[in-house]
1. May I ask you to derive the relative contact order of segment 101-207, considering only C-alpha pairs under 8 Å and at least 6 residues apart, and to give it as an integer percent?
2. Specify the inter-centroid distance of segment 237-290 and segment 175-222, based on alpha-carbon positions, in whole Å.
3. Computed FRET efficiency, Cβ-Cβ of Leu206 and Asp93, R0 30 Å: what is it to the nearest 0.05?
4. With every protein chain left in place, what is the accessible area per residue of the chain in square angstrom, probe 1.4 Å?
5. When Lys and Arg each count +1 and Asp and Glu each count -1, what net charge do the other residues less than 11 Å away from Val106, Cβ to Cβ, add up to?
6. Is the shape of the chain rounded, prolate or oblate, going by the alpha carbon gyration tensor and its root eigenvalues a ≥ b ≥ c, with a/c under 1.5 for rounded and a/b larger than b/c for prolate?
7. How many Lys pairs in the chain lie less than 22 angstrom apart by Cα atoms, where the lysines are 8 or more positions apart or on different chains?
8. Could you order peptides 252-262, 237-247 by the average number of other Cβ atoms within 10 Å of their residues, highest first?
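The values are calculated or read from the model by the stated rules, or taken from the named source; none is laboratory data. Given the structure is predicted, the values throughout are model-derived calculations rather than measurements. Because the Cβ atoms are built from the backbone with ideal geometry, glycine has one as well, and the counts that use them run over all protein chains shown. With ligands, DNA and RNA removed, areas are computed over all heavy atoms of the protein, side chains included. Shrake-Rupley method; radii C 1.70, N 1.55, O 1.52, S 1.80 Å.
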Amino acid sequence: MPSFPLLFDLGARKPTTREIADRVKSGGTAALTDADRRADEARYQEVVCRSALNPVKGMPFNWTLNPYRGCTHGCQYCFARRYHVQFEMDSDDEFASVILVKRNFVEVLARELDKPSWTREHVAFGTATDPYQPIEGHYKLSRRTIEALARGRTPAGIVTKGPMVVRDRDVLADLTRVAGVTVYMSVPTVDEDAWRILEPGTAHPLQRLRAVRELVDAGINAGVLMAPIVPGFSSSRGKLERTIKAIADHGARFVGCNVMYLQDGTRTHFMKFIAREFPAMAPRFERLYVKKYPPDWYRKEIQGMVRVLQDRYGVSPRGGAQQTPEPDTAAEPEQVGFGW
Ligand code: SF4
């Protein structure tokens, strides 16, 4: 097995994600002996990437950017949980506690954006992990990514639950001027119980909404995704109304919504979580999630309720070509829900 350098030894070679997957496969995450354990108890493994722009199909955009993999926000419903198995890690604790940091991400992106063949298509930033999770305060990869996009005159949509995005309003304003950018702040609900239970590592929902206001005040096109609405936790009419009112009160330019969907490792994780923490709810989730989405009638009912509330509080529905779903929403049709 090759030996790997200590963290922060900038002159030494970092492993690739494939090498990390091979090491985990043979020795588990304990084999990541050069991963840095920080005060948040998560471990951060620096890697090098060969490409930054990731081509995708079947989405409202053709390219995604993700400088980190794994997310310490640790949302129970996160659909990106299932992607961690690509690195031979599980979609439970390891998704939220072993984070891969693509140390050379911005340099690789800058080269890609410089190519004459790059046509400056819209890119979706933060589709498989949150670009403003706490470690961004240290690495600043997301800030430097926005700077690179501005230099490359490339429009983007950014999805996050991290109020830290406000730190970068200066470079977001630059990108707004040269190419355009939309910030989608994910605030599924302002209900504190649902927040504590479902999104244990995130900032308070009202802190996220204050970030939206600051971005809008700085001239950035920023709005809110209520994504995902989780049946039984954030789907009641009262909770939807409180959330949409708060979103409107904070000056969001738009609001969109999705009902939770469950697939593969995310489904496994979520159902285990419900069975362990809320066993009385388990049979209802089993009935509602026979497929990866709840039935159409349920989704339409919630969607209709949200539309009524959007009209009532005067906040625009999500729209336009620059739509960027986040890891908990994917590129599925918009939906919403109340009651169960
Ligand atoms: S839903 Fe977003 S913020 Fe939550 S764990 Fe997934 S990537 Fe992180």
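1. Values: 124 pairs, mean separation 27.3, N = 107.
Reported relative contact order: 26 percent.
2. Here the answer is 17 Å between Cα centres.
3. Working: r = 28 Å, r/R0 = 0.94.
Once rounded, the FRET efficiency stands at 0.60.
4. Working: 13900 Å² over 340 residues.
Solvent-accessible surface per residue comes out at 41 Å².
5. Details: positive: Lys102, Arg103, Arg111, Lys140, Arg143, Arg144, Arg151; negative: Glu107, Glu112, Glu147.
After counting each charged neighbour, the total is +4.
6. Details: a/c = 1.88, a/b = 1.23, b/c = 1.53.
Oblate, since a/c reaches 1.5 and b/c is not below a/b.
7. For the chain, qualifying lysine pairs total 18.
8. On the way: 252-262: 23.7, 237-247: 18.8.
Answer by packing, highest mean first, reads 252-262, 237-247.
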